[in-house]
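The values are calculated or read from the model by the stated rules, or taken from the named source; none is laboratory data. Predicted model only: the values in this text are computed from it and were never measured. So basically every Cβ, Gly included, is an ideal-geometry build from the backbone, and we count neighbours across all protein chains shown. Protein only, heavy atoms only, side chains kept; ligands, DNA and RNA dropped before computing areas. Shrake-Rupley method; radii C 1.70, N 1.55, O 1.52, S 1.80 Å.
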Amino acid sequence: MKIGIVTDNTCNIPAAELEKNGIEYASLYIMNGEKYTSADQIPKNVFYDEIQKAQYIPKTSQPSVDDFIKTYRKALAQYDKIISVHLSSKLSGTVNSANLAAKEFEPGRITVVDSLLTSWALGFLILHLKDRINEGAQDISQLARLAGEFHKKTRVFFSVGNLEYLHKGGRIGKGKALLGSILQLKPILQLKDGEIHPYKNIRGMNGVLKELVNLAIDEGKQPKGIAIVSTGNTSIASYATERAKEKNIDISKIRTGYIDVVLGLHLGPDSIGVITYYE
């Protein structure tokens, strides 16, 4: 039996790498100008340059049921069964669309899982599932259980460069955004149990970067996966990488790059995330 994987673009795995591994995905949408555009069609470097200059109000949308039906048809042309794993249902309705689409197919062929994750935490889960399947895993229920519990092995911490974007997206009130800006406070946010929670406030970007690395990386312990992602400011990503190196992390294993635009749109410019998972 051949088992395939379907995910969504928020997993942060490059499209070419997904294709190489035979992994299909459905893309979320962002409001670009006056219309919704498939997020995977927007070059990240161009997009993050644009939001530095424009007054964006973060608006995103999940893939449609039809998007998933098309994706599943393509995947089922190659595989007998599909495990479809997506970003947290507490952040998006993507899982709901996937579940509705799965009902259009023969029962048992598609298993949908709410990962309670996003960004590279979801990406590491997808690649781990692929490894397990390549090793011969055939039990869909066991794979689904692994996928549903993987979030317990992850650490996902973010910080934003400008609180105004969280305010625009309705994540915090205007007074809190203004006060934070005046005091030069930058929040550290944690993805926990599928939701984004405020963790603590730090003054100054250098302090933020040091704290993000400290929170995500155990002293003397190598994570199975590590990613340092940003919304366009490569200097802060480089700084965080150096902090990881000081903790004797093998930096050749660190994934670096842009945060997917769906999440990045809500975080705004000069935001950064440090994501790890441990077995």
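Placing R0 at 45 angstrom, the Cβ-Cβ distance between residue 250 and residue 73 gives a FRET efficiency of 0.65 after rounding to 0.05. Our summary gives the chain a relative contact order of 21 percent, counting only alpha carbon pairs under 8 angstrom and 6 or more residues apart.
Fully extending the segment from residue 138 to residue 59, taken as 0.36 nm per residue of separation minus the present Cα-Cα distance, adds 24.5 nm. Taken as Cα centroids, the range 249-278 and the range 26-82 sit 18 Å apart, rounded to the nearest whole angstrom. Tell me whether the range 108-152 comes out rounded, prolate or oblate; compute the Cα gyration tensor, take square roots of the eigenvalues as a ≥ b ≥ c, and use a/c under 1.5 as the rounded threshold. Oblate is the answer for the range 108-152, as a/c is 1.5 or above yet b/c matches or exceeds a/b.
On the accessible surface of the range 62-154, probed at 1.4 Å, how many percent belong to carbon and sulfur atoms? On the range 62-154, the fraction of accessible area on carbon and sulfur atoms equals 43 percent. Accessible surface calculations at 1.4 Å, restricted to protein heavy atoms, place the range 29-78 at 62 Å² per residue. Specify which labelled value, from (i) 204; (ii) 121; (iii) 190, agrees with volume of the Cα convex hull per residue in Å³ derived from the coordinates of the model shown. Matching entry in (i) 204; (ii) 121; (iii) 190: (ii). Dividing the mean sequence gap of close Cα pairs (under 8 Å, 6+ apart) by how many residues the range 1-137 holds gives a relative contact order of 32 percent. Take residue 256: with every protein chain present and a 1.4 Å probe, its accessible area is about 90 Å². When DSSP beta bridges are restricted to pairs lying wholly in the chain, around 65% turn out antiparallel.
Which of rounded, prolate or oblate describes the range 69-132 when judged by the alpha-carbon gyration tensor and an a/c cut-off of 1.5?
Because a/c hits 1.5 or more and a/b fails to exceed b/c, the range 69-132 counts as oblate.
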